[in-house]
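To start, the structure itself, in structure tokens.
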Amino acid sequence: MLPESRRAVIPNSEGVAAAVACLRAGGLVGLPTETVYGLAALAADDQAVRRVFAVKGRPSDHPLIVHLAQIADASDWALQIPTYATRLASSLWPGPLTLILRKQDWVPNSLTGGQPTVAVRVPSHPVARAVISGAGPVAAPSANRFGRVSPTNVDAVAQELADALDERDLILDGGDCAVGVESTIVDCTESSPRILRAGFYGDDVIEQAAGVALDSTNLSETPRVPGSLAAHYAPQTRVTLLTPEGVNTLSVSRMSRAWLLTLASEPVSETQAKSAARRTRPEDATAFARLLYATLRAADAADVDEVIAIPPQGRGIAVAIRDRLQRAAAGSGVDAIT
Ligand code: TXA
Ligand code: MG
């Protein structure tokens with residue numbers, strides 16, 4: 001059990017130094033990033049990395065992202081970095097982008113799930129950067145139990161993991177994550193880049209920054225991306241996805257037991273919206289992404305039967321929101337992912 005005093009450490013210079021010391025001593029750190037909170041271990045510390053899997057309840061063949069302090073560090077981990085990947089890194093790092101590259105021989109299988117590739121990202125969150133600069137590269141999956149909703153604030157991290165952590169570990173309080181959904185993952189191991197997980201950066205931004213056309217064919221053999229399981233990012237509360245017309249035809253009694261999550265601009269009738277037990281109506285897709293996981297989490301704590309969501313239309317981050325909502329709907333209402 002993580003002691004209370006280590007559950008929301010302020011990331012001033014002392015707090016960052018405590019996190020660096022914790023990582024160096026083999027502990028785990030709940031680390032704010034611009035996307036979601038990560039559960040960080042020193043990437044070079046095999047035992048600490050193994051504990052990350054145990055704490056999350058994550059199968060050991062699901063690889064982790066290595067978080068770096070600077071772009072130049074990618075070549076310590078990767079081989080044969082294609083020109084388009086270098087362009088992606090130099091225009092979108094630091095930021096919510098993960099590149100899958102051929103790994104160097106020394107990179108341990110515990111990080112890569114036995115694959116010949118390694119995932120790397122340079123986060124932009126100042127606290128993450130300070131900790132990584134001080135301690136060295138960290139392996140950090142999202143700081144949630146396997147299959148559950150990623151945490152976007154410090155309370156959510158403690159709620160997910162405080163029971164499984166102990167006095168060796170700590171959680172830094174970096175406030176609410178600015179992006180709210182995980183990084184865009186781009187496979188850079190072939191002649192053209194391919195998006196494996198939708199995120200903050202849409203296909204248009206990735207293609208433009210890469211300077212080459214994206215490979216958008218479907219994979220015949222899906223790589224091991226747990227975020228690609230149909231039922232991932234799932235709350236306990238049932239999630240129902242509807243169009244505005246669909247919401248407008250629901251009975252008042254069903255609405256009165258539901259939490260409505262929709263862009264403010266969707267044509268849901270005002271009477272219908274008001275009949276919902278609770279409402280979250282962000283102004284745009286960016287705000288929707290920022291609120292998404294916190295809303296799903298709050299719904300689990302609230303007395304509502306379901307979350308009724310209208311997925312936002314459009315490209316960019318709206319694609320990531322639709323992806324996460326679909327997975328949340330597929331996996332919701334169950335206690336465990338099998
Ligand atoms: O925004 C993010 O990416 C957050 C923050 C904390 O950085 N991290 C995150 O980590 O979402 P995680 O472990 O929850 O998801 C990482 C994804 C997984 O789906 C994993 O399978 C995939 O990256 N991945 C890691 N290494 C890979 C590899 N070599 N090939 C294919 N996918 C890989
Ligand atoms: Mg995750």
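Derivation of every value follows stated rules applied to the coordinates shown; laboratory data play no part. Note that the structure is predicted; figures quoted are calculated from it, not measured. Positions of Cβ are generated from backbone atoms using ideal geometry, with glycine treated the same way; all protein chains shown enter the neighbour counts.
In deg cm²/dmol, rounded to 500, what helix-only [θ] at 222 nm does the chain give when every DSSP H run of at least 4 residues adds -39500 (n - 2.57) and the total is split over its residues? The partial results should precede the final answer.
Details: 13 runs with 114 residues, N = 338.
Per the formula, -9500 deg cm²/dmol.
What net charge do the residues around Pro82 carry, taking every other residue with its C-beta under 15 Å from that of Pro82, with Lys and Arg at +1 and Asp and Glu at -1?
Values: positive: Arg87, Arg102, Lys103, Arg194; negative: Asp187, Glu190, Glu207, Asp215.
Net charge around Pro82: 0.
In whole Hz, with x marking every Gly and Pro, tabulate ³J(HN,Hα) for segment 233-242 from phi via Karplus 6.51 cos²θ - 1.76 cosθ + 1.60, θ = phi - 60°.
So the Karplus estimates, Gly and Pro as x, are 6, 9, x, 6, 5, 4, 10, 10, 9, 9 Hz.
By how many nm would the segment from Asp163 to Gln272 lengthen if fully extended, with 0.36 nm per residue of separation less the alpha-carbon distance? Spell out each step's value before the answer.
Values: separation 109, 0.36 × 109 = 39.24 nm, distance 4.04 nm.
Full extension from Asp163 to Gln272 adds 35.2 nm.
How big is the antiparallel share of DSSP beta bridges in the chain, given as a percent to the nearest 5? Show your work: numbers first, answer last.
On the way: 17 of 38 bridges.
Percentage antiparallel, nearest 5: 45.
Val212 to Leu79: FRET efficiency via 1/(1 + (r/R0)^6), r the Cβ-Cβ distance, R0 25 Å, to the nearest 0.05?
Values: r = 20 Å, r/R0 = 0.78.
For R0 = 25 Å, the calculated efficiency reads 0.80.
Which cross-chain or sequence-distant (5 or more) residues have an amide H under 5 Å from the amide H of Arg238, H modelled 1.01 Å from N in plane?
Those lying under 5 Å, H to H, from Arg238 are Val307, Gly333.
What stretch of the chain, leaving out the sites themselves, is the longest with no GluC sites (Glu not before Pro) in a DSSP loop having at most 14 other Cβ atoms within 10 Å?
Numbers: sites that count: Glu167, Glu190, Glu221, Glu283.
With a cap of 14 other Cβ atoms within 10 Å, the longest stretch comes to 1-166.
Fewest to most neighbouring Cβ within 10 Å: what's the order for Val149, Val107, Val179?
Details: Val149 28, Val107 19, Val179 23.
Ordered by Cβ neighbours within 10 Å, fewest first: Val107, Val179, Val149.
In nm, to one decimal, how far is the Val252 label point from the Ile71 one, both placed 7 Å along Cα→Cβ?
Placing both labels 7 Å along Cα→Cβ, they lie 5.9 nm apart.
Skipping prolines and chain starts, which residues have an amide H placed within reach, meaning under 5 Å, of the one on Tyr233, given they are 5 or more residues away or on another chain?
Gly147, Arg148
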